[in-house]
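Student: Got a structure for you, written out below as structure tokens; questions coming shortly.
The values are calculated or read from the model by the stated rules, or taken from the named source; none is laboratory data. Not measured: the values here are computed from a predicted model. Positions of Cβ are generated from backbone atoms using ideal geometry, with glycine treated the same way; all protein chains shown enter the neighbour counts.
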Amino acid sequence: MSFNGDVTAVGLEGGSRVRGTVVLVEDTRLFSKVLSHRFSDELGLSVAHVPSLAALKELVEGGNRFELAVVDLTLPDSSDGEVVDYTSDNGIPTVVFTGRFDRDIRNALMRRKVVDYVIKDSERAINSVVNTVKRFFNNQSNTILVVDDMSSVRSNLVELLKLQQYNVIGVGTGLEALDVLNRFPEVELMITDYVMPDMDGYELTQRVRRMFETDELGIIGISSSSDRLLSANFLKAGANDFIYRPFVEEELLCRVANSLDMLQQIRNLKRAAACDYLTGLFNRRYFFDRGPRQIGIGQRESIPCSIAILDIDHFKKLNDTYGHEIGDRVLIAVAHKLENLLDGSPHLLSRLGGEEFGILMTGLDSAAGTDYCDWLRHELSRVRIVADDEDLTITVSIGVSGIEGDETFDNHLNAADQFLYMAKHQGRNRVYSDALMAASVSAAE
């Protein structure tokens, strides 16, 4: 791609169709340099910078296409916001960066349906622009469900959210909303009106909360009712937020963004609490929390399950000989190998602590689980770690117990631990299980 005139391109690929790019229209050298750098380095975007409306026209009329424009409202050849008219007429979503702002300017920008505006009033302004651009591109992975029986109101809200790049599904009744939530698990936020023909938004919120936890789906209630207790009722029913009509568009969008951000923060915290700090696998706490539920589902649906404890052979000796740094590398290597081997399976893998790993196998009884673990053992023997210019071979011992009857999770794990002890007693680098023990007893008889 060739650029003529005063144009700076940062990380811009060639071709007539540019995807994932931002055009920055800014005549102030400091702002343009800082924003171009941060868009490119922090957000991984391709950036084209131009200092004027004329230079922007040259780019666009030359066949270049951009997913977003970040524009200064006042330019030497665009003293009254003509640059925003141009980006709008050419279908380029626009973020306005301006030092001149009042209510009339705000209303004019909203009529032009800009993505957002940021005021150059403090040192935080650049951060605000970067965060706005980041959210614009991140929103493409968020799906929102809008529930409102008035088609015109629903369409306006859907259009407002789509302008922010959200994926939006609009429906007119509570039953349609429940159907969408069952069919589209990617929905992360539901915005529901209060008055609807089949059930009100309060009842819909209650029913949805029986289906989804607060970290699985956010809910925002919305209504033009004059009842000031309605917001409290929605929140007590399980909504994350509530807003009365008529609302300011920016306020609604801020509440939507805040709800999605909070949802992601809760997920990140739960993920961090459930993960082992060294290997990144699920930790013992998560294994003991999720395991019984997974077994319960299997028993209700008559799906066989078995549980295994895997132990790295001679791990203490390895630590004493080569040091804890090599020991950690071994643990990480084993964890990553197991994670890759189990990828796509229904099995639950975790690090129980030290050199022990737990595997809850769904769909495998003790005999099948024994064969599966023997395959894991063989694959792990291929892992190599270099220490002091020496190749270390890793072997593991595994104990497997079939899950039958109404036993506690502790009892199932203790049974697998006993078979692990027997595998070690028989020489390590092997699998032992109740299925193998039963076979040996049968053969002896």
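This table checks each residue for (1) of a type outside the set (Gly, Ala, Ser); (2) more than 25 Å from residue 295 (Cα to Cα); (3) touching a Gly at 6+ places or on another chain (Cβ under 6 Å).
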site	(1), (2), (3)
413	yes, no, no
428	yes, yes, no
433	no, no, no
441	yes, yes, no
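Student: Can you say whether residue 278 is surrounded by fewer than 20 Cβ atoms within 10 Å (Cβ to Cβ) and farther than 26 Å from residue 422 by Cα, as far as the supplied structure shows?
Tutor: Details: surrounded by fewer than 20 Cβ atoms within 10 Å (Cβ to Cβ): yes; farther than 26 Å from residue 422 by Cα: yes.
Yes, satisfied.
Student: Further, regarding this structure: From the list 320, 276, 289, 311, exactly one residue is farther than 26 Å from residue 363 by Cβ and either of a type in the set (D, E, K, R) or not assigned by TED's automatic domain parsing to the domain that holds residue 338 (or both). Which is it?
Tutor: The match here is 320.
Student: Here is a list of conditions, (1) in contact with a His (Cβ under 9 Å, 6 or more places away or on another chain); (2) part of a helix (DSSP H, G or I), and residue 320 meets all of them except one; can you say which number that is?
Tutor: Among (1) in contact with a His (Cβ under 9 Å, 6 or more places away or on another chain); (2) part of a helix (DSSP H, G or I), residue 320 violates only (1).
Student: Taking region 285-304 only, how many residues are buried (at least 17 other Cβ atoms within 10 Å of the Cβ) and either under 13 Å from residue 352 (Cβ atoms) or within 20 Å of the chain's Cα centre (by Cα) (or both)?
Tutor: Residues that pass the stated criteria total 3.
Every residue, every condition in (1) among the aliphatic types (A, V, I, L, M); (2) assigned by TED's automatic domain parsing to the domain that holds residue 39, yes or no:
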| position | (1), (2) |
| --- | --- |
| 80 | no, yes |
| 92 | yes, yes |
| 110 | yes, yes |
| 126 | yes, yes |
| 161 | yes, no |
| 165 | no, no |
| 178 | yes, no |
| 181 | yes, no |
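Student: If you check 179, 198, which single one turns out to be in a loop (DSSP other than H, G, I, E, B) and surrounded by fewer than 17 Cβ atoms within 10 Å (Cβ to Cβ)?
Tutor: Result of the check over 179, 198: 198.
Student: What's the number of the only condition in (1) within 22 Å of residue 151 (Cα to Cα); (2) surrounded by 19 or more Cβ atoms within 10 Å (Cβ to Cβ) that residue 241 fails to meet?
Tutor: So residue 241 meets the others, but not (1).
Student: Examine region 187-195 for a residue that is surrounded by fewer than 17 Cβ atoms within 10 Å (Cβ to Cβ) and either farther than 18 Å from residue 152 by Cβ or within 18 Å of the chain's Cα centre (by Cα) (or both), and state whether such a residue exists.
Tutor: No.
Student: Starting from residues that are out of contact with any helix residue (DSSP H, G or I) (no Cβ under 7 Å at 6 or more places or on another chain) and not in a helix (DSSP H, G or I), keep the ones in region 349-379 and report whichever is surrounded by the most Cβ atoms within 10 Å (Cβ to Cβ). Spell out the reasoning first.
Tutor: From region 349-379, those out of contact with any helix residue (DSSP H, G or I) (no Cβ under 7 Å at 6 or more places or on another chain) are 354, 356, 359, 363, 365, 368-369, 371-375, 377-378; that's our starting set.
Next cut, not in a helix (DSSP H, G or I) only: 354, 356, 359, 363, 365.
Numbers: 354: 12, 356: 16, 359: 26, 363: 15, 365: 17.
Per the criteria, the residue is 359.
Student: In this structure, does residue 87 turn out to be of a type outside the set (Phe, Trp, Tyr) and either under 23 Å from residue 40 (Cβ atoms) or outside the structural domain of residue 51 (by TED's automatic domain parsing) (or both)?
Tutor: Yes; evaluated as a whole, the condition is true for this residue.
Student: Just the residues that are farther than 23 Å from residue 163 by Cα and not in a loop (DSSP other than H, G, I, E, B), please, taken from region 62-84.
Tutor: Within region 62-84, 75, 78 qualify.
Student: On to the next question. Restricting to region 395-438, what's the tally of residues that are closer than 12 Å to residue 373 by Cα, of a type in the set (S, T, N, Q) and part of a loop (DSSP other than H, G, I, E, B)?
Tutor: Number of matching residues: 1.
Student: State which residue is nearest to the chain's Cα centre (by Cα) when the search covers only region 266-275 and only residues that are loosely packed, with under 15 Cβ neighbours inside 10 Å and of a type in the set (Gly, Ala, Ser).
Tutor: Within region 266-275, the match that is nearest to the chain's Cα centre (by Cα) is 272.
Student: Right, next: What number of residues in region 50-85 are under 21 Å from residue 36 (Cα atoms) and under 37 Å from the mean Cα position of the chain (by Cα)?
Tutor: Total meeting the criteria: 17.
Student: To continue, here is another question. In region 152-168, is there at least one residue being among the hydrophobic types (A, V, I, L, M, F, W, C), under 20 Å from the mean Cα position of the chain (by Cα) and not in a strand (DSSP E or B)?
Tutor: Narrowing region 152-168 to residues among the hydrophobic types (A, V, I, L, M, F, W, C): 153, 157-158, 160-161, 163, 168.
Those still in the list that are under 20 Å from the mean Cα position of the chain (by Cα) too: 161, 168.
Filter once more, so that each one left must be not in a strand (DSSP E or B): 161.
There is at least one residue in region 152-168 that is among the hydrophobic types (A, V, I, L, M, F, W, C), under 20 Å from the mean Cα position of the chain (by Cα) and not in a strand (DSSP E or B).
Student: Going residue by residue through region 339-348, is there one that turns out to be hydrophobic (A, V, I, L, M, F, W, C) and assigned to a helix (DSSP H, G or I)?
Tutor: Of region 339-348, the ones hydrophobic (A, V, I, L, M, F, W, C) are 341-342, 348.
Those left that are additionally assigned to a helix (DSSP H, G or I): 341-342.
Checked region 339-348: at least one residue is hydrophobic (A, V, I, L, M, F, W, C) and assigned to a helix (DSSP H, G or I).
Student: Let me ask you something else. For residue 357, only one of the following conditions fails: (1) in contact (Cβ under 8 Å) with a residue 12 or more places away in the chain; (2) touching a Lys or Arg at 6+ places or on another chain (Cβ under 8 Å); (3) farther than 19 Å from residue 431 by Cα. What is its number?
Tutor: Here residue 357 clears every test but (3).
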